[in-house]
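Below is one structure; the comments refer to it alone.
The values are calculated or read from the model by the stated rules, or taken from the named source; none is laboratory data. Owing to the predicted nature of the structure, the values given are computational and were not obtained by experimental measurement. Using ideal geometry, Cβ is built from the backbone for each residue, glycine included, and neighbour counts are taken over all protein chains shown. Just the protein is used for accessible areas: all its heavy atoms, side chains included, with ligands, DNA and RNA removed. Shrake-Rupley method; radii C 1.70, N 1.55, O 1.52, S 1.80 Å.
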Amino acid sequence: MSDMDMEDDGSGIVKKFMFLNRKAPHGTVYALEGLEVVLITAAFDQDVSLVFTDDGVYQLMKGIDTKGIEVKDFSKTYRALDGYDIEKLYVDQTSLDARGLTEDDLIVDVSVLSDDEMKNLMDEQDVVISF
Amino acid sequence: MLHIVNKSATERSSLDSCLRLATKGSAVLLIEDAVYAATKGSSAAAKIQAAAAGLKIYALGPDLAARGMAGRVLDGVNVVDYGGFVELVAEHRNCQSWL
Amino acid sequence: MQFGILINEGPYNHQASDTAYLFARAAIEKGHTIPRVFFYHDGVNNSTRMGEPPQDDRNVTTRWSKLAEEHGIDLVVCVAAALRRGIKDELLAPGFRISGLGQLVEMGIQYDRLVTFGD
C-alpha cells in the first residue's frame with residue numbers, strides 16, 4: 001500500500017515515465033509547467049526519469065537570476081527533486097557540447113549519457129512526455 | 001518506438017534531434033509542418049533518405065495535400081492517413097512527440 | 001486499445017488540436033477507445049464556449065464537445081493552467097471539466113498509449 005500522503009490511482013501499476021525537457025526556460029512556459037507534471041507523477045509513485053536534452057539543458061544553469069525579468073525562478077526546484085524521490089536525472093553529452101557547457105555548469109547532479117545510452121533509455125520507457 | 005515530428009526542419013531542430021536519438025528500426029512519422037522534410041528538393045531530403053536506411057519513415061498524407069506537397073514525396077517515405085497514424089501508435093509500445 | 005490524448009496548444013493558433021481531433025476520430029473508427037483527452041499549457045483554451053469562429057471555419061471547441069458526447073470522452077482541463085489563463089467553470093463548453101494534473105498521470109498509468117499534440 002502507498003503512504004497516506006501518496007496519490008494512488010488504485011491500480012498498483014508502476015510504469016516507467018520519461019519526461020523529456022527540450023526547451024529553454026522563461027522564453028516559453030513549457031519548462032515551468034512541465035516541472036509541475038513531473039512533481040505530480042512522482043506523487044503517484046511511478047518510476048520517473050527526467051531528461052534534459054537540446055535547449056532543455058539550459059534549465060539547469062547555475063546562477064540563474066530572474067529578478068530582472070520579474071518571473072518565478074523555478075530552477076531551485078530541481079535541487080529539491082530528491083525530496084520527491086526523483087533521483088534519475090540525465091543530460092546528454094551531445095547537447096552539453098553543442099552549448100559549450102559541462103556538468104560543472106549545472107545546479108544539480110546528473111548522469112551524462114552518450115547518444116546510444118540515451119536511445120536505449122528512451123526505448124525502455126512505457127510513457128514519454130516531452131515539454 | 002514511434003517518433004512523431006511536427007515542425008519544419010528548416011525552422012526547428014526537432015527532426016535532427018529525433019534522427020539523432022531514434023534507435024535503428026524505429027518509426028518516424030512526419031506530421032503538420034514536418035512533412036516538408038519528406039519532399040523532393042527540400043534541404044532535409046538527404047537527411048531523410050539517409051535515415052530511411054535504418055528507420056521507417058512515414059508522412060501524413062492529409063498534411064502533405066494541405067500544403068501542395070502530395071506529388072513531391074521522396075521515394076522510401078510511406079504516406080499514411082489518420083487511420084495509418086492510429087495503427088502506427090497501436091503497433092509501437094511507446095511514442096514520443098518531438099515538440 | 002485505450003488511447004490517452006494530451007493537447008498542449010490552443011485552437012486556431014496551432015494545428016495541434018485539429019490533428020488530435022482527427023486522430024481521435026480515426027482511432028474510434030478503428031474500434032479503439034479514447035477515454036480521456038487532457039488539455040494543458042495553452043491547450044486549456046480549447047475548452048471555452050466563448051469562442052465564435054467565422055461561419056465558414058470549423059469550431060474546434062464544439063467539435064470536441066460533440067465527439068465527447070457521442071463517444072463518452074472525458075475532456076479534462078488542467079486547473080492550474082486554466083486559472084493562470086482565466087478559464088473558469090462558468091466558461092466551459094459542454095463535456096469539459098476542470099481537474100488536476102493527476103488526471104493526466106492516470107492516463108499514462110492506465111491506458112495503453114499516451115499521444116501528445118503540441119507546438
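Any idea what Rg and Dmax come out to for chain A if you just take the C-alpha atoms, in Å?
Final numbers for Rg and Dmax: 15.0, 46 Å.
List the lysines whose Cα sits under 28 Å from the Cα of A:LYS15, skipping any in the same chain fewer than 8 residues away.
Of all the lysines, those that pass the test against A:LYS15 - Cα under 28 Å, at least 8 places apart if same chain - are A:LYS23, A:LYS76, A:LYS88, A:LYS119, B:LYS24, B:LYS56, C:LYS30.
Return the residues of segment C:11-29 for which accessible area with all protein chains present is lower than in the chain on its own by 50 Å² or more; set the probe to 1.4 Å and exclude ligands, DNA and RNA.
C:GLN15, C:THR19, C:PHE23
Of all beta bridges DSSP finds with both residues in segment C:2-117, what is the antiparallel percent, to the nearest 5?
In segment C:2-117, approximately 5 percent of DSSP beta bridges are antiparallel ones.
Quantify, in whole percent, the carbon and sulfur part of the accessible surface of segment B:2-98 (1.4 Å probe; protein heavy atoms only). Kindly include the intermediate steps, with their values, before the conclusion.
Details: 1800 of 3630 Å².
Of all accessible area on segment B:2-98, carbon and sulfur atoms account for 50 percent.
Assuming 0.36 nm per residue, please report the length gained on full extension of the stretch A:GLU117 to A:MET61 beyond their Cα-Cα distance.
17.9 nm
Just how large is the dipole of chain A about the Cα centre, in debye to the nearest 20, putting +1 at every Lys and Arg Cβ and -1 at every Asp and Glu Cβ?
Here chain A has a charge dipole of around 500 debye.
I'd like the FRET efficiency for B:HIS92 and B:ALA66, computed as 1/(1 + (r/R0)^6) with the beta carbon distance as r and R0 of 22 Å, rounded to 0.05.
Computed FRET efficiency for B:HIS92 and B:ALA66: 0.30.
Would you work out which of B:VAL28, B:LEU55, B:ASN78 lies farthest towards the positive end of the dipole of chain B, given +1 charges on the beta-carbon of Lys and Arg and -1 on that of Asp and Glu, about the Cα centre?
My answer, from the dipole projection, is B:LEU55.
What accessible area per residue comes out for chain B, rounded to a whole number of Å², with a 1.4 Å probe?
For chain B, the per-residue accessible area is 37 Å².
Just the accessible area per residue of chain A, please: how many Å² with a 1.4 Å probe? Working shown, then result.
Values: 6310 Å² over 131 residues.
On a per-residue basis, chain A sits at 48 Å².
Which value results for Rg/Rh of segment C:2-117 when Rg is the Cα radius of gyration and Rh the Kirkwood radius based on the inverse mean 1/r?
0.93
For the protein assembly as shown, what is the convex hull (Cα atoms) projected area averaged across all directions, in square nanometres?
Projected area, direction-averaged: 18.3 nm².
To the nearest whole number, what is the average tally of beta carbon atoms from other chains within 10 Å of the beta carbons of peptide B:14-22? Don't skip to the answer; put the middle values down first.
Details: counts 3, 0, 1, 8, 0, 0, 8, 13, 3.
Per residue, the average neighbour count from other chains is 4.
For peptide A:88-99, compute the average count of partner chain beta-carbon atoms within 10 Å of each residue's beta-carbon.
1
How big is the C/A interface in buried accessible area, both sides summed, 1.4 Å probe, to the nearest 100 Å²?
Values: alone 6440 and 7810 Å², together 12550 Å².
Roughly 1700 Å² of accessible surface disappears when C and A pair.
Taking the Cα centre as origin and putting +1 on Lys and Arg beta-carbons and -1 on Asp and Glu beta-carbons, what dipole magnitude results for chain C, to the nearest 20 debye?
Value, rounded to 20: 160 debye.
Using only the alpha-carbon atoms of segment B:2-98 as identical scatterers, what base-10 log of I(q)/I(0) does the Debye formula give at q = 0.10, 0.17 Å⁻¹?
For segment B:2-98 at q = 0.10, 0.17 Å⁻¹, log10 I(q)/I(0) is -0.21, -0.63.
In a solvent-free Debye calculation with one equal scatterer on each Cα, what is log10 I(q)/I(0) for segment A:53-99 at q = 0.21 Å⁻¹, listed in the order of the q values?
With no solvent term, the Cα-only Debye profile gives -0.86.
What does the charge add up to near C:ASN13, with Lys and Arg as +1, Asp and Glu as -1, over the other residues with Cβ less than 10 Å from its Cβ?
After counting each charged neighbour, the total is -3.
Where Lys and Arg each count +1 and Asp and Glu each count -1, what net charge lies around A:VAL14 among other residues with Cβ under 10 Å from its Cβ?
Neighbourhood net charge equals -1.
Restricting to the protein assembly as shown, compute how many DSSP beta bridges are antiparallel as a %, nearest 5.
5
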